[in-house]
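So the structure is just underneath, and the comments pick up after that.
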Amino acid sequence: MSYDPIQPSHQTAYTGACDIDAGLQAFMQSVYHTMGLGLVVTGLVAFGVANTPALAHLFFQTPLMWPAMLAPMVFILFGFTPARIQRMSPEKLKFTFIMFSATMGLSMASIFMIYTGASVARVFFITAATFAATSLYGYTTKRDLTGVGSFLFMGLIGIVLASLVNIFMQSPMTQFVISAAGVLIFTGLTAWDTQRLKNTYADGNTEGNAKMAIAGALSLYLNFINLLQMLLHFMGDRK
């Protein structure tokens, strides 16, 4: 019988790598599960408000229209600051995300009033397929997307500013350009955010990973919602 001192260290390294890989998979599953829960809440609230005449009138034909439309932006700016995320427990952070998803659903109820239900469903599945393929690319690619992410973030700022200006201009051509650019930007951001989440996973940091999973779900959720809205401008059938 011989004794190989190298074998135990190899076995330990292999076991550690497997533990990290299993932890990363669980982490990413938590991200997608939380994101999916947010999308379900948003869809149910949007559909419910749009199909309840009293609520539709209250939030889209009275002065409450502006608070309903701007509430998600206020939520993002003040509810998910790094300092607040740091102070909140994972449970409270997840609850805040669900409340934000409901607020977004209220804001997005108008799409069911503008577009046919069949076209909304069709574009949703197209968005889901695009998102899944792009997120998978971000998870599996060996290419560093850091530089691409910086470029896309600048593009995001550009289309936000252009969208605010176009509220007053009401230019169909400007909206077309914004939507086309938005599809490219949010598709790219999906890949970038997925890779960023994969790289920031820290084995053994349970609470930190739980918070990062929810914050990551928020980022991917926003990419999905914005991609859906941009594609609706191209593929949605208006009532």
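When a/c is below 1.5 the answer is rounded, else prolate if a/b is larger than b/c, else oblate, so apply that to the stretch 33-188 with a ≥ b ≥ c taken from the square roots of the Cα gyration tensor eigenvalues. Rounded, since a/c falls under 1.5. Here r is the Cβ-Cβ distance between D21 and L161 and R0 is 35 Å; the resulting FRET efficiency, rounded to 0.05, is 0.25. Projecting the Cα positions of S163, S119, L189 onto the charge dipole of the stretch 109-239 (unit charges on Cβ atoms of Lys, Arg, Asp and Glu, taken about the Cα centre) puts S119 furthest along the positive direction. Over the chain, DSSP H runs of length four or greater, each weighted -39,500 (n - 2.57), average out per residue to a 222 nm ellipticity of -29500 deg cm²/dmol.
Just check the stretch 100-239 against the gyration tensor rule for me: Cα atoms, a ≥ b ≥ c as the square roots of the eigenvalues, rounded for a/c under 1.5, and otherwise prolate or oblate depending on whether a/b exceeds b/c. Cα axes put the stretch 100-239 in the prolate bin.
Taking other C-beta atoms within 10 Å as the exposure proxy, I178, I167 rank I167, I178 from fewest upward. Taking amide H as placed 1.01 Å from N in the peptide plane, the amide H of Y115 sits under 5 Å from that of K239, each at least 5 places away or on another chain.
Its Cα centre serving as origin, the chain has a Cβ charge dipole (Lys and Arg +1, Asp and Glu -1) of approximately 600 debye.
Note that the stretch 171-181 has calculated 3J(HN,Hα) couplings of 8, x, 5, 4, 5, 5, 5, 4, 5, 5, 5 Hz, one per residue in order, obtained from phi through the Karplus relation 6.51 cos²θ - 1.76 cosθ + 1.60 (θ = phi - 60°); glycine and proline are x.
Lysine pairs in the chain whose alpha-carbon atoms fall under 20 angstrom of each other, counting only those eight or more residues apart or on distinct chains, come to 5.
Could you state the angle between the C-alpha long axis of helix 146-169 and the longest principal axis of the C-alpha atoms of the chain, as a value from 0 to 90 degrees rounded to the nearest 10? Here the helix axis deviates by roughly 10 degrees. Pairing the Cα long axis of helix 6-50 with the longest principal axis of the chain, what angle in degrees results, from 0 to 90 and rounded to the nearest 10? Here the helix axis deviates by roughly 10 degrees.
Relative to the longest principal axis of the Cα atoms of the chain, helix 65-79 runs at roughly 20 degrees.
The stretch 26-40 and the stretch 129-181 have Cα centres spaced 22 Å apart. The ranking of K239, K92 by Cβ neighbour count inside 10 Å, starting from the fewest, reads K239, K92.
All of the numbers you see were taken from the coordinates with simple rules; none came from a lab. From a predicted model like this one, the values you see are computed outputs, not experimental measurements. Because the Cβ atoms are built from the backbone with ideal geometry, glycine has one as well, and the counts that use them run over all protein chains shown.
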